[in-house]
Amino acid sequence: MLIMGDIPQKRKPHRKEKCMSKTPILKIENLTHVYSKGTPFELSALNGINLEIGRGEVIGIIGHTGSGKSTLIQHLNALIKPTDGKIYLDGKDINESKQSVKEARSRVGLVFQYPEYQLFEETVYKDIAFGPKNMRLTPDEIDVRVRASAQFVGIGEELLERSPFDLSGGQKRRIAIAGVIAMLPEVLVLDEPMAGLDPAGRREIMENLMGYHQETGNAMLIVTHSMEEAARYAQRMIVLEHGRVAMDGTPEQVFSREKELKEMGLAVPEMTELAEKLREYGVPLEGTIYTVEQMRDALLSLKGGLQDA
Amino acid sequence: MLKDITLGQYFPGNTVVHRLDPRTKIVLVLIYIVAMFIAESFASYALMLVVLASAILLSRIRLATVLKGVKPLILVIAITAFLNVFYTSGHILVEFWIFKITKEGIFNAIFMALRIIMLIMGTFMLTYTTSPIMLTVGIEQLLGPLKVIKVPVHELAMMMSMALRLIPTLIEETDKIMSAQKARGADFDTGNLVQKAKALLPILVPLFISAFRRADELAVAMESRCYHGGEGRTRLNVLTMGGRDYISFALAVAVLAGVITLAHFGL
Ligand SMILES: Nc1ncnc2c1ncn2[C@@H]1O[C@H](COP(=O)(O)OP(=O)(O)OP(=O)(O)O)[C@@H](O)[C@H]1O
Ligand SMILES: [Mg+2]
């Protein structure tokens, strides 16, 4: 795969330096959002959210339908203005001025739910180039970025001159994601990037995204309804409920609170559920289990233990 | 932003006003409009204000919401009133250069502004308290007799209800596409007219594509449920007039008669 380092970048700190840097890239302070304020439809979607997003973190955001996930992430690049509270990007309030909003739009990349409905250009190439063009990059820079990001999402060169409307749903989705990646955002935010795809397509897109993360070391926030995917790829999980942060921690920490998750209408991964059932039947499984691998290891160590006895 | 448009918006509720038959409400609004145009004096305006106020109070819709419907037209109303101040002849109060402000002019301006505002608020009461579906059913039934002279009443009503149904969806979709393109750095606010028109392309293309897709899906869904026009179609909820409908008709006729009488005596 092409090294993202080939892509001309204004500021290109070394990967390690980025990860070690202590200050968070995004800081959300007491964020509150009320929709349709002052009408009979008034609805408070976010209620005092406090979060810090570190450089290079991969975070899974989960929560029941209507818990405020989409509302939260649209604040991160100033698409929605907070009713109350502030969002700092690299220590600067993003809603301070027109300039800071513009900066936030290019440094925080947001991929919407069903992004394929935003495609509009005649060719795939032009559509991916839309973001970089708005950033006023030179044609050469744009060309490098378009080709690199197409490669990242697994879109071959032969598709670049095709019309995006003649492609399959999964391909369109990849192109839309490439259009945001091409802006080389320091924080990539995706709202359910895998919704409506088949299992193979889901895995591929997820692997593409993780590849992008590893190459660039940029932070990634993924909204998902799939506990398995969140557990597999994220280092940290944030659980939203009624516009509040209900849990924030590693997948282990979050899935160990199974009861609370179920009360919120969320499920734990299937393997965690299975482990719980087995324990009820008296099988002494150890540790937190949420992937098939962990289940295998726990069962194997159990078998070994039994054999020794 | 786009969502704040209240045109044709319905505020669900279960008050007397909401429960009136849609046909009644349409006729009542027509009577109200006629009466507003006949009304000319303090007394008749006061009567109409009482009518409007009781409708708003009974419907439990906040006054602020009803006034919001007037807001987009404030400029038009202001200009109308302004012109009336200067172009009415009569008893001169102030005079400078070529302008004359007359007592009649000021009264005229106030009445004219009041009339427009009351007309808007009254008609908005209809759409605020009647769901778009009920509204089209009402119109279809009221226009029913026109079928005799081969007016495709059912088809027109169906088209209207589908258009009404799709407006909020399209607005929502526009909002979504705009956000998505803004996230890619699109700028819809700056630049000259040509640049602004060009900036609309990334919105219009996806919007048209999705509108056609939706229309197509809707047509398939209707056909697969054997929709074949209005012939022989019956309704699940047949409209029936009740006591409150007849009472409000009686009141409306009384008010209209009152306004005509007041106008006749020049009060
Ligand atoms: N544009 C809007 N206007 C008014 N209310 C809205 C708007 N968008 C969302 N809401 C409301 O805000 C609340 C949070 O919505 P949000 O879209 O953030 O939820 P979500 O967690 O993303 O849900 P999902 O998993 O279904 O995508 C919901 O109750 C929703 O009805
Ligand atoms: Mg959402």
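The values are calculated or read from the model by the stated rules, or taken from the named source; none is laboratory data. Computed from a predicted structure; not experimentally measured. With ideal geometry, Cβ positions are generated from the backbone for all residues, glycine too; neighbour counts draw on all protein chains shown.
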Those strands (runs of 3 or more DSSP E) lying entirely in the range A:29-121 with at least 1 residues on the phi > 0 side of the Ramachandran plot and more than 13 Å from ligand 1 (Cβ to nearest atom): A:43-53, A:84-89
The range A:194-212, residues that are surrounded by 17 or more Cβ atoms within 10 Å (Cβ to Cβ) and in a helix (DSSP H, G or I): A:Gly201, A:Arg202, A:Glu204, A:Ile205, A:Met206, A:Asn208, A:Leu209, A:Tyr212
Qualifying residues in the range B:172-188 (those that are exposed (fewer than 15 other Cβ atoms within 10 Å of the Cβ) and modelled with pLDDT of 85 or more) - the one nearest to the other protein chains (Cβ to nearest Cβ): B:Asp175
So B:Val137, is it within 14 Å of chain A (Cβ to nearest Cβ) and out of contact with any His (no Cβ under 7 Å at 6 or more places or on another chain): no
Any pair with Cβ under 8 angstrom, 6 or more apart, that starts in the range A:213-242 at a residue that is free of Cβ contacts under 8 Å to residues at least 24 places away in the same chain and ends at one that is within 16 Å of ligand 1 (Cβ to nearest atom) and in a strand (DSSP E or B): none
Lone qualifier among B:Met222, B:Met241 - being over 30 Å from A:Ser106 (Cβ atoms) and outside any helix (DSSP H, G or I): B:Met241
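Matching residues to (1) more than 14 Å from chain B (Cβ to nearest Cβ); (2) not small (Gly, Ala, Ser):
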| site | (1), (2) |
| --- | --- |
| A:Pro115 | no, yes |
| A:Ile128 | no, yes |
| A:Asn134 | no, yes |
| A:Val146 | no, yes |
| A:Gly169 | no, no |
| A:Ala195 | yes, no |
| A:Glu207 | yes, yes |
Positions within the range A:214-228 being within 16 Å of ligand 1 (Cβ to nearest atom) and within 13 Å of A:Val111 (Cβ to Cβ), in sequence order: A:Leu221, A:Ile222, A:Val223, A:Thr224
Residue under evaluation A:Lys81, criteria (1) touching a Gly at 6+ places or on another chain (Cβ under 8 Å); (2) modelled with pLDDT of 90 or more; (3) over 22 Å from A:Arg55 (Cα atoms), criterion not met: (1)
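To keep it simple, each residue is scored yes or no on (1) surrounded by 24 or more Cβ atoms within 10 Å (Cβ to Cβ); (2) at the interface with chain B (Cβ under 10 Å from one of its Cβ atoms); (3) farther than 20 Å from A:Ile73 by Cβ; (4) basic (Lys, Arg).
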{"residue": "A:Leu119", "(1), (2), (3), (4)": "yes, yes, yes, no"}
{"residue": "A:Glu122", "(1), (2), (3), (4)": "no, yes, yes, no"}
{"residue": "A:Ile142", "(1), (2), (3), (4)": "no, no, yes, no"}
{"residue": "A:Ala182", "(1), (2), (3), (4)": "yes, yes, no, no"}
For A:Gly243: the one exception among (1) on the phi < 0 side of the Ramachandran plot; (2) buried (at least 18 other Cβ atoms within 10 Å of the Cβ): (1)
Helices (runs of 4 or more DSSP H) completely within the range B:50-138 that count 2 or more residues being closer than 30 Å to B:Leu251 by Cβ and over 19 Å from the mean Cα position of the chain (by Cα): B:103-129
In the range A:163-194, the residues that are touching a Lys or Arg at 6+ places or on another chain (Cβ under 7 Å) and either within 16 Å of ligand 2 (Cβ to nearest atom) or hydroxyl-bearing (Ser, Thr, Tyr) (or both): A:Met194
